[in-house]
Each structure stands twice: as C-alpha cells, then as structure tokens.
1. Between I195 and N114, what is the spin-label point distance in nm, taking each point 7 Å from the Cα along the Cα→C-beta axis?
2. Separation of region 281-302 and region 308-377 by C-alpha centroid, Å?
3. What FRET efficiency would be calculated for the residue pair S98, N376, taking the C-beta separation as r and a Förster radius of 41 Å, to the nearest 0.05?
4. What residues qualify as long-range amide H neighbours of L119, i.e. H under 5 Å apart, gap of 5 or more or another chain, H built at 1.01 Å from N?
5. With a point put 7 Å past each Cα toward its Cβ, work out how far A233 is from D38 in nm, to one decimal.
6. Hey, with R₀ at 56 Å, roughly what FRET efficiency would D166 and K342 work out to, going by the Cβ-Cβ distance, to 0.05?
7. Once R0 is set to 30 Å, what does the formula 1/(1 + (r/R0)^6) return for the Cβ-Cβ distance between N354 and A22, expressed as a FRET efficiency to the nearest 0.05?
8. By the gyration tensor of its Cα atoms, with a ≥ b ≥ c the square roots of the eigenvalues, what is the shape of the chain: rounded for a/c under 1.5, prolate for a/b over b/c, or oblate?
Amino acid sequence: MKISIIGSGYVGLVTGACLARADQNVTCLDIDEKKIQDLESGKIPIYEPGLEDLIKEKVENNLLSFSSNIDQTIKNADAIFIAVGTPTNIENDGADLSQVFACAEAIGKNIKSNTVVILKSTVPVGTCDKVEEIINLVNPSIDFDVVSNPEFLREGSAIFDFENPDRIIVGTKNKNSISTLNSIYKKHLDNNFPIIFTTRRSSELIKYASNSMLAMRIIFINEIADLCEKVGADVEDIALGIGLDKRIGPDFLNAGPGFGGSCFPKDARALVESGENYNAPQNLLKAVIDGNEKRKESLSKKIISITKDKKNIGVLGVTYKANTDDMREAPSLSIIPDLIDKGFNISIYDPQANKVGIKEFENVNWENDIYSVVKNSDCLVILTEWNEFKSMDLKKISDIMNKPIIIDFRNLFSLDEMEKLKIEYHSIGREAVNFNKETK
Ligand code: NAD
Ligand code: UGA
C-alpha cells in the first residue's frame, strides 16, 4: 500500500517514520519546500528523540521519502493522511481549519478512486464531513472515504507513544476503510494494542475530550498546590495519596507552571467554542483555560516577591516542557517578558530551544550551559524538567552563587537536599526552604 502524509511536522514525520518501520511505503509531504529539501538532505526540522536516526534508516531502506510535489504524490496514494496544523482561529478561539481544507482541495483535484483519506489533525466535530464535502465538490465522480484517526502522541516521547499507544481510535463505518486501517496498523494489532472503531464524530470528539480531561487534571493539581502552600501541606504527597486510588491513577498530577504546548491550550479553546456552537457549554473547561492563564501571571508575581531587590535572574528551560524544542504557548513566553518589563536582567539556558527561542525574547542573554547562567544570577528559576537540570551539581551552584536562591516550578529536588546545602528553595505546593542571610 502506498501512503502519503500531508504535513511533515511533529505528527506527520513521526507517523511517517513509524509506519515505515512497520514496513509501510510512506511519502511525507509538505508545502514548505525548504523543510522538504532539508529532510531530503538528512536534516530534521524538529528535535524529537530518536527521530533523526529512524528517518535516516527508513530512507536508506527505501520505505520513506519526502516530496513537496503534493499533487503528483497524491495521485498514486492508496491512503492519504492529513497531519497539518489546526491552530487557534484568533477571531473566535475555535480551530483554524484553513490548512485542512487546503489539503481537501488538493486531494479532490488529484485523488484516484478507492483512496482512503485519514484525518489525523485534531479537528472539531463535523470536520470530516466538511472535508468529504470539499472533495466531492471538486471531484464529484470519485469513490473515496474520509476517516477520522486522531493522534495521541506526546512530544519528547513521540516515537514510543506512536508505537505503543494506549488505543488507536478510528472513526468510520465504511468496511473498506476498516480493512485499510487494519492493514495500516497491522503491526499494532499483532502486538495487541487496542483499536476502537467508532463514528467519525465520536472519534473527533474523543481527541478533544482526552486533551481537555488531561488539562483539567493539571489545573486541578495546580490549584491544590496553591492551597498546600497556604496550609503547610505537600502537593507531592497529595498527588501520591490520590493517585494510588485506581479510579484516579497517578499520571498527570505533577503540579507546575501551567500547561502549554501546541495542543492543550488550543484544543481546550476549540472545545469550548464547539460547546458554544452547539449550545452545550463547556463550563468546567472555561474555568480550566482561565486558571491556566492566571497561573502564569501569579508565577511572575511569585518570582518578583522572592527576588525583591535582586535583579539578575537565570532561567533554566524555556520550552513548554522537557525533551522538546517546541516553544508554542510555553509559560516562559509570558513569564520572561513580564520580568523584563519589571526591570530584571534575564540569562537563559535551554538544552534545545536556543535556535527557536532566540527569536521569542528580546534583551536576554543566552548561555550555553547551566553554570554560565548561574554565574550571572542572583536567583535561578527552573521552568522545565530536563534530566540535565535534575542532575545538576547543586553543590557547585551553591558555591558559585553568593546567597543561592532557586525557584523551581517543576519540583525537581527534595527539600532535605536543599536544607543540607543551605540553598533557599521555593517550589510548587511545598514548604519553602528559607534561611536568614546570616545562616549561609
Ligand atoms: P506542525 O505545525 O509541526 O506541522 C504541520 C505541517 O503542515 C507544517 O510543516 C506545515 O508546513 C504543513 N502544512 C500546512 N499546510 C499545508 C498544506 N496545505 N499542504 C502541505 N503541508 C502543509 O503541526 P503538528 O504539531 O505536527 O500538528 C499537526 C496536527 O496534529 C494538529 O492538528 C495538532 O493538534 C495535532 N497533534 C499534534 C501533536 C503534537 O504533539 N504536536 C500530537 C497530537 C496531535
Ligand atoms: C499532549 C497529550 O499528552 C498527548 O496525548 C496529545 O497527543 C498532545 O497533547 C496533542 O494533542 O498535541 P504534549 O503537549 O506533547 O501532549 O505534552 P504533555 O506531556 O501532555 O504536556 C502538556 C503540558 O502539560 C506541558 O506544558 C506539561 O508541562 C504540562 N503537564 C503535564 C503538567 O504541568 N503536569 C503534568 O502532570 C503533565
């Protein structure tokens, strides 16, 4: 079977590389010619652990190729994935579907009969219907089916997630499409990963409901963390205590600086907008979005109240989480400009974000390692949870900084460790470790 994937971003490239490893014949397409040229010359446009090696191997095996000639490639495809972006439409906070609809047009013009079009982008309920309408309008005589197949991978562990999914969701009632999807995911089925066939609309909504449920858990534990700080409780113990209840489970209970990334914020907004459109208000989710925005403001205030007259702040990590170079809706994008506005000098180290991040902030000092940041700082602020930060030499940091202060929004260290090293330490939902100036 020949598979084309339109959109060679985080999802398209990972899907393409992983399906090629499952012995499918895949061409990844993109409108961005430079991206395709880079991919053809072995340059991977994103940081995703393991992806570069996997792509290289599958290109060498002739199972994976790249092209910006979308029209020509689609003509030969038996299955076409759409994996383009669905960012927020700034006019109504819903999903901007222009990239998806542009793909539908291109598909309509070039599709051969009996091709299955698989919508992997995250899209509001009813989008598959609209894609079908567009293709029909452009090419009324062709036989095809549009299937919903949302993706649940996380950046940073995308290859593992794609190859070991909790479930594969497929929205179609068409027998030929069911057989095509079973064949595309044969390796997954051989390994007993569950595949759920449902309607297109249910499939589309499962994706938004999953992301929104996870976003809700994060805001819930963040608000519990705020309460912990006020009453002297420990959010780590709370997460452990509630997470051991099998009905709740332990995942997605890490308190932090709020959720970011290319999906939770935009998908939560889009589900709220769908709720408005269909007169089924998503009130809980509205509160989640609001809570997430307010959190970023409150964390800037927390930093300012701790640092007081000290003006040099070192920031470790600016992406929305560890193990990615993705800056989309990262908490740093509001926290850092806020601190700059208040007159702080900012030094930054991030293991991956320098190249993209440098465009995001003005008047900051980028460093190449943790300890160069420490040298310039009165206070260190940790925004992401890279292993490199977890294993940094705290003794060395304590020696470099005159009166060390660490504000850790990812709870990477134990309070005992900080007490022993006499580092002033403020984390999330836990007691602060604080010393009088004389005690250091
Ligand atoms: P991305 O921005 O990284 O990549 C999208 C790619 O599509 C870009 O390279 C862009 O140039 C290309 N493109 C846009 N219009 C095109 C067109 N008309 N023809 C060909 N190519 C075109 O996006 P992403 O992060 O991979 O997300 C894609 C979709 O998958 C979104 O709907 C997102 O919500 C969903 N999703 C993303 C993730 C994730 O972790 N990033 C996980 C699950 C689902
Ligand atoms: C998320 C979902 O986990 C994926 O299933 C989904 O496919 C994807 O969105 C998507 O639709 O794009 P991702 O955005 O890569 O994946 O990252 P997550 O690991 O889920 O983290 C999202 C945000 O929540 C990050 O800002 C992270 O720091 C934060 N988070 C996560 C917490 O604050 N606490 C947690 O316990 C977990």
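1. Simple spin-label model gives 1.8 nm for this pair.
2. First find each Cα centre; the distance between them is then 22 Å.
3. Working: r = 43 Å, r/R0 = 1.06.
It comes to 0.40.
4. Under 5 Å from the amide H of L119 lie the amide H atoms of I82, V147, S148, N149, each far enough along the sequence or on another chain.
5. So the label points at A233 and D38 sit 4.6 nm apart.
6. Efficiency computed from Cβ-Cβ geometry: 0.85.
7. Values: r = 34 Å, r/R0 = 1.14.
Between N354 and A22 the formula returns 0.30.
8. Working: a/c = 2.22, a/b = 1.84, b/c = 1.21.
Since a/c reaches 1.5 and a/b is larger than b/c, the shape of the chain is classed as prolate.
Values in this text are rule-based calculations from the coordinates and carry no lab data. It should be emphasised that the depicted structure is a prediction, and the values quoted were computed from it without experimental measurement. All Cβ positions, glycine included, derive from the backbone under ideal geometry; neighbour counts span all protein chains shown.
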